[in-house]
Amino acid sequence: MLTSALFQAAYEIQLVLSARQASLDEQYTQARASWQAGELTQATQQYRELLAQDPQRAEGWQDLTEIYLETHAYPEAWNTVQEAVQRAGNHARTHYLWGKVAAKLPDSEVAQAWYADHSPDSAGVLVAQGRWAEALAMYQQLHRAAPQDPVQMENLSFMYALIGDEVRATRYQGHACVARGDDRGAVTGFERFQELGGVHAQVSLALTASLVRLGEWDRAWVIYAQADLDQLELYWQWVQHLHQYGATDAAIVVAQAGAARFPEALELQLAANLLVPILYRDEQELHQYRVRFRVGLARLIQLHGGAQFWQGLSRWTNFYQPYQGYPDLDLQVQYGNLVSRLAQTQYPSPIHSTRPPGRIRIGYVSCNLNNHTVGKFTLGWLRQRDRAGFRVYTYSLGETDLITEEFTRQSDQFYQLPPVLATVAQQIARDQLQILVYLDIGMDPVIGQLASLRLAPVQCTTWCHPVTSGLATVDYFLSSDLMEPDHGQAHYCETLVRLPNLGVSYPRPRFPVNPKTRLDFGLDPGRVVYLSCQSLFKYLPQYDGIYPAIAQQVPQAQFVFLSHSSAPLTAIFRERLARAFAQVGLSAADYCVLLPRLLWHDYGRLNQLADVFMDTLGWSGGNTCLEALACGLPVVTCPGGLLRGRHGYGILRLLGMTETMATTPAELVMIAARLGLDGAWRVQLQARILANQGRLFDDPVCIKGLEDFYRRVVR
């Protein structure tokens with residue numbers, strides 16, 4: 001219950017904070033617009049109201065100081081610039097304004113005394129004194145020491161503007177906007193830089209990245225086409241952006257050119273040989289890329305390289321390849337051998353050392369120990385553990401939130417580390433673990449590299465990413481007994497461990513109250529809504545015909561999908577649906593709705609408003625099936641032969657709901673159609689789901705199975 005409440009609290013707090021921040025940002029935009037329009041009285045009032053609510057907004061105090069200087073309200077300027085110094089004492093603009101205000105005050109000695117007490121920034125003092133060249137040199141040093149700090153970028157931008165170098169000023173302002181997540185501001189700054197005649201490879205990289213994040217793909221392609229491709233980073237970024245655009249063939253061509261230009265850049269060699277589409281246009285394309293992957297992997301295995309090759313691996317995973325839906329043990333092992341061979345060039349000996357006596361020392365490492373599927377699946381392992389028997393070390397390499405804080409509380413030792421292999425490996429080695437669990441090999445490059453090292457006597461991976469690691473250094477695969485087929489061991493190079501039930505103790509989802517109706521989502525209140533909300537790369541083209549087949553039997557059907565963050569990829573999926581429906585004489589537009597990505601509370605409400613949940617074939621939903629069942633939504637699934645296609649199957653087995661488990665795609669259509677036509681059966685199933693769903697959540701049985709396994713392997 002505690003974990004469930006934490007996930008809900010994390011979301012609700014973030015929702016409130018995001019809404020408040022958006023409102024304050026809008027107020028700031030309006031105040032600044034009034035100032036720039038010369039409406040100084042109105043702007044003054046707007047800034048006062050904003051700063052009363054958001055007193056930490058340094059740029060607000062700076063702007064208001066400038067307005068007071070313009071209106072000769074020097075006492076007021078004195079008050080506001082003091083606020084700016086206390087909140088943004090490391091900003092060059094603050095000190096520039098201080099110098100201007102101090103020159104207008106009748107008692108400058110008092111002002112200077114206050115300033116000396118409150119301004120330790122020596123570079124800022126130089127700005128206030130008008131010694132701009134010296135200040136600029138000092139800010140350049142500070143920027144070199146902290147090259148990613150947006151404040152230092154803004155300081156350089158401000159100083160260059162002061163001395164009349166607008167070209168450099170706009171360049172650094174653009175980079176500062178990128179660092180703060182303001183892509184629109186970055187585009188404005190970088191385009192002004194180019195208008196002024198500025199040329200810089202890093203500007204081209206940053207500008208195209210901002211345009212892609214804004215969805216302005218065509219403008220990005222123009223820049224790439226005109227760029228001088230003399231930098232590895234430009235090739236690499238172009239490959240990534242073409243891939244996200246759905247232009248995999250073009251991405252491969254660029255990768256091949258880049259690999260010829262930079263043969264030691266393994267990331268470009270990997271892309272040139274192993275890149276597969278995020279979303280396939282048809283089954284033929286899928287098979288073509290599968291063959292191409294196998295041939296490319298054989299070619300890569302012949303390559304030999306050292307430190308630079310190893311560094312290239314830090315930018316690559318074969319994340320999308322297993323979504324083709326076929327057994328991949330041989331491919332994973334071949335790739336794993338390549339990774340292990342490169343690891344040996346950098347770390348020829350095992351790093352782990354002798355273990356001290358006492359409690360069994362277990363480590364968990366992931367980039368996703370937050371409000372992510374991995375965090376949801378694994379926090380229960382820590383929260384419900386036998387604290388007398390196990391000492392837990394947790395290594396978080398990704399973003400943090402309230403769930404990360406709970407991992408911190410539930411760990412005996414918690415580390416928040418940058419995803420830098422050497423740093424993480426050294427810390428793990430110092431902790432002298434007996435068991436190290438890589439929670440999600442295959443999702444983040446650094447986890448795969450770490451797993452190729454022998455950092456603990458026993459190393460495991462889990463079904464959080466349900467594919468064998470292919471690595472000889474990973475000993476066990478922690479899976480679910482209810483999900484694995486009888487012959488499951490044949491799919492892993494690791495020893496398969498079939499933990500009881502689902503293998504994870506998943507917290508019960510509790511969605512906040514949401515008054516939205518179907519109309520708010522653009523759905524018809526009178527139709528049977530089939531929700532299918534997986535990531536689009538889980539949908540294999542050979543199964544597109546399922547949806548029109550259901551529609552033929554249920555004329556009132558309405559299928560709801562969630563769009564990809566890349567609009568071009570969503571368009572590919574939309575085209576696939578159109579073809580599938582057209583083949584049976586129907587229009588996909590009459591039956592299918594592709595919603596944008598949703599906030600969590602809206603996603604929960606969508607589950608509550610739907611009638612049927614359609615699982616995907618080939619790669620089943622785990623988190624999504626559990627969330628649907630938490631809302632009482634009947635789940636229709638058809639298990640495949642691999643773990644990744646059997647999540648929904650195992651979940652329904654635990655729930656005791658076998659009626660909606662199909663054995664073939666045709667049977668899945670039949671079950672889904674019956675659910676659409678038989679409202680009484682739907683209501684009956686919903687009642688059973690709600691009565692029995694407690695079996696699914698906060699399961700202590702799998703924890704005992706996990707800890708029994710840990711005790712066995714360290715004896």
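All but one of (1) of a type outside the set (Ser, Thr, Tyr); (2) more than 23 Å from CYS625 (Cα to Cα); (3) modelled with pLDDT of 95 or more hold for LEU540, so report the exception by its number.
(2)
What about GLY705, is it more than 30 Å from VAL437 (Cβ to Cβ), of a type outside the set (A, V, I, L, M) and open to solvent by less than 20 Å² (accessible area, probe 1.4 Å)?
Spelling it out, it is not the case that GLY705 is more than 30 Å from VAL437 (Cβ to Cβ), of a type outside the set (A, V, I, L, M) and open to solvent by less than 20 Å² (accessible area, probe 1.4 Å).
Checking the conditions here, which among TRP221, TRP238 is in contact with a helix residue (DSSP H, G or I) (Cβ under 6 Å, 6 or more places away or on another chain) and either among the basic types (Lys, Arg) or open to solvent by 40 Å² or more (accessible area, probe 1.4 Å) (or both)?
Unique residue meeting the criteria: TRP238.
Would you please list the contacts, defined by Cβ atoms under 9 Å and residues six or more apart or on different chains, that run from a residue in the range 195-211 that is acidic (Asp, Glu) to a residue that is not in a loop (DSSP other than H, G, I, E, B)?
If the second residue must be not in a loop (DSSP other than H, G, I, E, B), the pairs left are GLU195/THR170.
Per-residue answers, yes or no, for (1) touching a Phe, Trp or Tyr at 6+ places or on another chain (Cβ under 7 Å); (2) farther than 18 Å from TYR530 by Cα:
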| site | (1), (2) |
| --- | --- |
| THR637 | yes, no |
| THR658 | no, yes |
| ALA666 | no, no |
| ASN692 | no, yes |
| ARG695 | no, yes |
| LYS704 | no, yes |
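For LEU439, indicate whether it is touching a residue at least 24 places away in the same chain (Cβ under 8 Å) and either polar (S, T, N, Q) or within 30 Å of TYR603 (Cα to Cα) (or both).
Answer is yes for this residue.
This table checks each residue for (1) farther than 23 Å from ARG498 by Cβ; (2) assigned to a helix (DSSP H, G or I); (3) modelled with pLDDT of 95 or more.
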| residue | (1), (2), (3) |
| --- | --- |
| PRO639 | no, no, yes |
| GLY648 | no, yes, yes |
| ILE651 | no, yes, yes |
| LEU654 | no, yes, yes |
| THR663 | no, no, yes |
| GLU667 | yes, yes, yes |
| ARG682 | yes, yes, yes |
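For residues in the range 216-264 being among the acidic types (Asp, Glu) and in a helix (DSSP H, G or I), which is nearest to LEU313 (Cα to Cα)?
GLU233
Residue-by-condition table, conditions (1) assigned to a strand (DSSP E or B); (2) open to solvent by 20 Å² or more (accessible area, probe 1.4 Å); (3) within 17 Å of VAL636 (Cα to Cα):
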residue	(1), (2), (3)
PHE581	no, no, no
VAL584	no, yes, no
ALA589	no, yes, no
VAL593	yes, yes, no
LEU598	no, yes, no
GLY604	no, no, no
GLN608	no, yes, yes
PHE613	yes, no, yes
THR616	no, no, yes
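Yes/no matrix, rows are residues, columns are (1) under 27 Å from PHE319 (Cβ atoms); (2) surrounded by fewer than 17 Cβ atoms within 10 Å (Cβ to Cβ):
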{"position": "LEU502", "(1), (2)": "yes, no"}
{"position": "ARG508", "(1), (2)": "no, no"}
{"position": "PRO512", "(1), (2)": "no, yes"}
{"position": "ASP520", "(1), (2)": "no, yes"}
{"position": "LEU531", "(1), (2)": "yes, no"}
{"position": "VAL560", "(1), (2)": "yes, no"}
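When the residues of the range 393-425 are filtered to those that are in contact (Cβ under 8 Å) with a residue 60 or more places away in the chain and not small (Gly, Ala, Ser), which remaining residue is surrounded by the fewest Cβ atoms within 10 Å (Cβ to Cβ)?
Only one residue tops the list, namely LEU402.
Just to check your reading of the model, which residue among PHE377, PHE414, PHE407 is modelled with pLDDT of 95 or more, of a type outside the set (Asp, Glu) and under 18 Å from the mean Cα position of the chain (by Cα)?
Going through PHE377, PHE414, PHE407 in turn, the sole match is PHE377.
Only one of GLY174, GLY181, GLY189 is buried (at least 24 other Cβ atoms within 10 Å of the Cβ), out of contact with any Phe, Trp or Tyr (no Cβ under 6 Å at 6 or more places or on another chain) and under 29 Å from ALA22 (Cβ atoms); which?
Going through GLY174, GLY181, GLY189 in turn, just one is buried (at least 24 other Cβ atoms within 10 Å of the Cβ), out of contact with any Phe, Trp or Tyr (no Cβ under 6 Å at 6 or more places or on another chain) and under 29 Å from ALA22 (Cβ atoms): GLY189.
Going by the conditions given, is VAL339 in a helix (DSSP H, G or I), over 30 Å from ASP708 (Cα atoms), open to solvent by 20 Å² or more (accessible area, probe 1.4 Å) and of a type in the set (A, V, I, L, M)?
Judged against the criteria, VAL339 is not a match.
Against the condition of a type outside the set (A, V, I, L, M, F, W, C), within 18 Å of GLY622 (Cβ to Cβ) and touching a residue at least 12 places away in the same chain (Cβ under 8 Å), how does GLY503 come out, does it pass?
When the stated conditions are applied, GLY503 passes them.
Of all strands (runs of 3 or more DSSP E) completely enclosed by the range 426-533, which ones contain at least 3 residues that are of a type outside the set (Ser, Thr, Tyr)?
Passing ranges, in order: 435-438, 458-462, 495-499, 528-531.
Filter the range 83-134 down to the residues that are open to solvent by less than 50 Å² (accessible area, probe 1.4 Å), closer than 18 Å to LEU69 by Cβ and of a type in the set (A, V, I, L, M) and list them by number.
Matches in the range 83-134: ALA84, VAL85, ALA88, ALA92, LEU97, VAL101, ALA102, LEU105, ALA111, VAL127, ALA128.
Within the range 277-299, is even one residue open to solvent by less than 10 Å² (accessible area, probe 1.4 Å), assigned to a helix (DSSP H, G or I) and over 26 Å from SER535 (Cα atoms)?
yes
In the range 687-702, which residues are open to solvent by 50 Å² or more (accessible area, probe 1.4 Å) and either under 26 Å from ALA551 (Cα atoms) or not in a helix (DSSP H, G or I) (or both)?
Correct list: ALA687, PRO700.
Per-residue answers, yes or no, for (1) in contact with a helix residue (DSSP H, G or I) (Cβ under 6 Å, 6 or more places away or on another chain); (2) without any contact (Cβ under 8 Å) to a residue 24 or more places away in the chain; (3) aliphatic (A, V, I, L, M):
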{"site": "TYR326", "(1), (2), (3)": "no, no, no"}
{"site": "ASN337", "(1), (2), (3)": "no, no, no"}
{"site": "LEU342", "(1), (2), (3)": "yes, no, yes"}
{"site": "GLY358", "(1), (2), (3)": "no, no, no"}
{"site": "VAL365", "(1), (2), (3)": "no, no, yes"}
{"site": "ARG383", "(1), (2), (3)": "yes, no, no"}
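Give me the helices (runs of 4 or more DSSP H) completely within the range 1-80, filtered to those with at least 3 residues that are modelled with pLDDT under 90, ordered by residue number.
Once the helices (runs of 4 or more DSSP H) in the range 1-80 are filtered for at least 3 residues that are modelled with pLDDT under 90, what remains is 2-36.
The values are calculated or read from the model by the stated rules, or taken from the named source; none is laboratory data. All figures in this text were calculated on a predicted structure; none of them were measured in a lab. Don't worry about glycine lacking a Cβ; one is built from the backbone with ideal geometry, like all the others, and counts go over all protein chains shown. With ligands, DNA and RNA removed, areas are computed over all heavy atoms of the protein, side chains included. Shrake-Rupley method; radii C 1.70, N 1.55, O 1.52, S 1.80 Å.
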